[in-house]
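What follows is a single structure, written as structure tokens, with notes after it.
The values are calculated or read from the model by the stated rules, or taken from the named source; none is laboratory data. Since the structure is predicted, the reported quantities are computational estimates derived from the model, not experimental observations. Virtual Cβ from ideal backbone geometry, glycine too; neighbours counted across all protein chains shown. Accessible surface areas use protein heavy atoms only, side chains included; no ligands, DNA or RNA. Shrake-Rupley method; radii C 1.70, N 1.55, O 1.52, S 1.80 Å.
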Amino acid sequence: MLKLSVFMSPTGAHVGGWRLPEAITDAGFNFDRWPDLMKLLERGKFDMMFLADGNGVNGISDPDLLARNPTLRPVVFEPITFLAALATHTSRIGLVATGTTTFEEPFSIARRFAAVDQISKGRAGWNVVTTSNPDDALNFSRTEHVEHSDRFARAEEFLDVTDGLWSSWDEDAFVQDKENGIFLDSSKVHMLNHEGEHFQVRGPLNAAHTPQGRPVIVVAGGSPEARNLAARTADVLFTLTETKEAALDLYKDVKERVAGYGRAPEALKVMPGASIFVGETADEAEEVYRKLQELIPDTVGVATLSRIMAQDLSMHDPCDPMPEITTETKGMTFFRDKVSAMAKKEGLSIRETYRRVLPARGHVLMKGSAADVADQIEDWYRSGACDGFNLVASHLPGGLEKIVQHLVPELQRRGLFREEYEGTTLREHLETPYAAFPARRSDVDQ
């Protein structure tokens, strides 16, 4: 079956979405909005929801832009605490959030995600990131961001440590034998005693074996380093692929890397992001899309694109051709390079570029009636371009309601997506059983 996640942004994903009269705008600090959203997700029978996160206020260096573009997430709940609270409002939806390997410590991350997996009875997922926003480093006693290759080397070891910590206790270690006065079986505890280049961690983790063995591991990205990290360690890879051709190439490459680590290719689910604009009719979807595009002023569009490209574009007229990007950055270069190449290939102006980029942010844009969008999803899936999608809604709750009301039933009618849950854990939804990470290998293609 097709796997479906939903990207949950507190103000919706489209830059203009929050300005619609009916849109929710306070979900980043009003928890009362979320129980109904969880019910809506369960109605859609989705595998999981995904909450992106950073370790700072994006755009704080440009307060005027921040004031007009809440998709930069100036305020969000701390994600792991938030997942634990959400777990009490849904019994089926997988709960996935971001945690950085660059600025966190393995023991802390392992402990917190183990708690969420216990509280949710096996529905926790960790989106592993190395942190793409260079400004986040300024909140962790650094003056500049860590180099890309160094971040991924640390991430590899970080995941090895967390995986070892989650294996600290056998599943039946806590016997709780009142009659004989034995709470735990000391033979079933495993000291980690890890000593590596980046971490020295004794263990064990002070958390019992979790319902899933370990939380579901998600990696987001498309660089060679991200692909290798996902191929060795992840259960899910979130990708940015705007065309089916690009998705086919990435899917083939990643599955070969998975096999290169001795894993079954189906152990890793590849799920591109898809920005969805769906209505009862194609005209209805087009009308909503047009309204949203008109709610992006040039000042916001140009400034937001400038952040993505790490280069100030405000000195140009929005009608000018997209200039060459010359600024060096230690941030998210993969997406920036894709946008630059697209603009150059198609001869786009700055305005045309931001109008193309901002509605989807590198994801494939799918727009039209339920049948139109389902045709695209089915084509990608049956062509072997993906195992599912991470669906992006333009605004809340309306954009998500349209997906649940129109798109999901069409996918179910075609036999592509479940009508009822068959399991309770996220691993059961995704059909990704727990397995220990294979060892790192130097001969795997980098």
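Of note:
- Residues located in region 56-65, provided they are polar (S, T, N, Q) and open to solvent by 50 Å² or more (accessible area, probe 1.4 Å): SER61
Here is a yes/no grid of residues against (1) modelled with pLDDT of 95 or more; (2) within 17 Å of the chain's Cα centre (by Cα):
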| position | (1), (2) |
| --- | --- |
| THR326 | no, no |
| LYS330 | no, no |
| ALA343 | no, no |
| GLU346 | no, no |
| TYR354 | no, no |
| VAL373 | yes, no |
| ASP379 | yes, no |
| ASN390 | yes, yes |
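Conditions (1) surrounded by fewer than 19 Cβ atoms within 10 Å (Cβ to Cβ); (2) over 18 Å from the mean Cα position of the chain (by Cα); (3) not in a strand (DSSP E or B), marked per residue:
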{"residue": "ASP117", "(1), (2), (3)": "no, no, yes"}
{"residue": "SER132", "(1), (2), (3)": "no, no, yes"}
{"residue": "ARG142", "(1), (2), (3)": "yes, yes, yes"}
{"residue": "HIS145", "(1), (2), (3)": "no, yes, yes"}
{"residue": "SER149", "(1), (2), (3)": "yes, yes, yes"}
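- Restricting attention to region 115-150, the residues being on the phi > 0 side of the Ramachandran plot and at pLDDT 90 or above number 2.
- Applying the set (1) among the charged types (D, E, K, R); (2) crowded, with 18+ Cβ neighbours inside 10 Å; (3) modelled with pLDDT under 95; (4) touching a helix residue (DSSP H, G or I) at 6+ places or on another chain (Cβ under 7 Å) to ARG361 leaves exactly one unmet item: (4).
- Only one of the numbered conditions (1) of a type outside the set (S, T, N, Q); (2) within 22 Å of MET342 (Cα to Cα); (3) under 15 Å from the mean Cα position of the chain (by Cα) is not met by TYR251, and that is (3).
- Enumerated helices (runs of 4 or more DSSP H) restricted to region 1-107, each holding at least 2 residues that are of a type outside the set (Val, Ile, Thr) and under 30 Å from GLU156 (Cβ atoms): 79-86
Quick grid of which residues meet (1) assigned to a helix (DSSP H, G or I); (2) open to solvent by 20 Å² or more (accessible area, probe 1.4 Å); (3) among the polar types (S, T, N, Q):
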{"residue": "GLY262", "(1), (2), (3)": "no, yes, no"}
{"residue": "GLU266", "(1), (2), (3)": "yes, yes, no"}
{"residue": "VAL270", "(1), (2), (3)": "no, no, no"}
{"residue": "ALA274", "(1), (2), (3)": "no, no, no"}
{"residue": "PHE277", "(1), (2), (3)": "no, no, no"}
{"residue": "ASP283", "(1), (2), (3)": "yes, yes, no"}
{"residue": "GLU286", "(1), (2), (3)": "yes, yes, no"}
{"residue": "GLN293", "(1), (2), (3)": "yes, no, yes"}
{"residue": "ALA303", "(1), (2), (3)": "yes, yes, no"}
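- Considering region 245-304, the residues that are touching a strand residue (DSSP E or B) at 6+ places or on another chain (Cβ under 6 Å) and small (Gly, Ala, Ser) include one that is farthest from ARG68 (Cα to Cα), namely ALA247.
- Just one of the listed residues (PHE31, PHE46, PHE50) is among the aromatic types (Phe, Trp, Tyr) and open to solvent by 50 Å² or more (accessible area, probe 1.4 Å), and it is PHE31.
- Per-region count, region 54-72, residues over 22 Å from LEU20 (Cβ atoms), aliphatic (A, V, I, L, M) and in contact (Cβ under 8 Å) with a residue 40 or more places away in the chain: 1
- Of all residues in region 206-230, those that are basic (Lys, Arg) and within 15 Å of the chain's Cα centre (by Cα) total 1.
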